[in-house]
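The structure appears below as C-alpha cells.
Every number here is computed from the coordinates shown, using simple stated rules; none is lab data. Since the model is a prediction, treat every value here as computed from it, not as a measurement. When we count neighbours, we look across all protein chains shown, and the Cβ atoms used for this are built from the backbone with ideal geometry, even at glycine.
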Amino acid sequence: MTELYEPRTYRELFKGENLVFFNCTLKETDLQIGAHRSLAFEAMEQVCELRLQLDDYIRSYPEFLTSLVPVPATPGAPAIVRRMCWAGWQAHVGPMAAVAGAVGEFVGRKLLEFSPEVIVENGGDIFLKSDVPRRIGIYAGQSPLSLKVALEIAPEDTPLGVCTSAATVGPSLSFGRTDATVIVAKDTALADAAATAVGNRVKVPADLEAGLHLASQIPGVLGAVIVIGDKMGAWGQVKLARL
C-alpha cells in the first residue's frame, strides 16, 4: 500500500490532456480521477459505499486491519474485502497492503460505466483504462533517478494496475529501503500488495536482483521496476522511456 506523496508530485506525472481531472476525498481516501467528463458524484457515491463496507468489516474482524500476513476472507465478505485478502495471499502480505489499489480499481471500474477512459490515482497507486498510449512517471523521492524515467503504457494492455511502494517517500509501512518499487499487474489490488512485498525485500542495492526475482514469482505480476539510491532494475513487461 502506498500512501500520499508529500507535495502530490506524482499527480503531475500521469495527467492526460484529453481527460477531465477531479478529486474525490473521504477520510484517508484521496483520489485524483481522470475521465471524459467530471464524475465526482458517481465517484464519491462508490467511495462511500466501499468505505462503509471496509469500516464495517474491520469493526467485526480487526485482524483484517492489523495483520501483516495473509488472512482469509470470511464467508459473505464484501467483494473488496475478498479481493484484498486474495491479493495478500498471492503476495504473502496482510490484506491492507492492497487497500489503495483495490479502492482505486473498484472506483475505476464503476466509472467505466460512464466514461470509456478512466484513470484513478490513489496515493501513487494507479488503475487505468486508456484508448491512447500513456506515460506514467516514476517518482523516487531524493533518488537521482527520480522523475527521469516513465513507464509507457499501451492502450491494448489496459485496464491495468500500476502501483508504487517506497520506504523513503510518504508514511506507508515498508521494511525495505527502496525509493520506488513499481509493480504492473492486470489486478490493481495485486499490484499494490506485490509492491509492498517486493519493496520489503530490497534493503540495499545488492538486493535488486532478489527483489526482481520475487516479483517474477508472484502469480499475476507482469513487470516490476525498483529504484534504490542511484540504482535501478527492471523485469517483465515494462517499457521504460525518458520522462
So what is the calculated 222 nm ellipticity per residue for the chain, using -39500 (n - 2.57) for each DSSP H run with n of 4 or more, over all residues, to the nearest 500 deg cm²/dmol? -9500 deg cm²/dmol
Using 7 Å Cα-to-Cβ label points, what is the T74/Q142 separation (nm, one decimal)? 4.4 nm
What is the order of D230, D157, fewest Cβ neighbours within 10 Å to most? D230, D157
List the residue ranges in the chain for DSSP H helices whose C-alpha atoms run 15 angstrom or more along the long axis and whose Kyte-Doolittle average is -0.5 or above. 40-60, 79-91, 99-111, 188-201
In the neighborhood of A77, defined by Cβ-to-Cβ distances under 14 Å, what is the net charge if each Lys or Arg adds +1 and each Asp or Glu adds -1? 0
Can you list the GluC sites (Glu not before Pro) in region 68-167 that are in a DSSP coil and have 15 or fewer other beta carbons within 10 angstrom? E113
Using a simple charge model, +1 on the beta-carbon of Lys and Arg, -1 on the beta-carbon of Asp and Glu, nothing else, what dipole does the chain show about its Cα centre, in debye to the nearest 20? 340 debye
Find the relative contact order for the chain and round it to a whole percent, using C-alpha pairs within less than 8 Å whose residues are 6+ positions apart. 19 percent
Under 15 Å Cα to Cα from K148, which aspartates and glutamates show up? Leave out anything in the same chain fewer than 8 places away. E12, D179, D230
Residue span I58 to H92: 0.36 nm per residue of separation minus Cα-Cα distance leaves a gain in nm of 10.3 nm
Could you list M96, M232, M44 so that the one with the fewest beta carbons within 10 Å of its beta carbon is first and the one with the most is last? M44, M232, M96
Would you work out which of A102, I33, G124 lies farthest towards the positive end of the dipole of region 9-242, given +1 charges on the beta-carbon of Lys and Arg and -1 on that of Asp and Glu, about the Cα centre? G124
Exactly which chymotrypsin sites (Phe, Trp or Tyr not before Pro) in region 66-123 are in a DSSP loop and have at most 14 other Cβ atoms within 10 Å? F114
In debye to the nearest 20, the charge dipole size for region 27-111, taken about the Cα centre with +1 at each Lys and Arg Cβ and -1 at each Asp and Glu Cβ, equals 180 debye
Residue pairs, from the table K203/K231; K129/K186; K27/K203; K203/K239, whose Cα atoms sit over 20 Å apart: K27/K203; K203/K239
Net length gained if the chain between M44 and A210 were fully extended (0.36 nm per residue, minus Cα distance): 55.8 nm
How much length would be gained if the chain were fully extended between T66 and Q217, taking 0.36 nm per residue of separation minus their Cα-Cα distance, in nm to one decimal? 51.8 nm
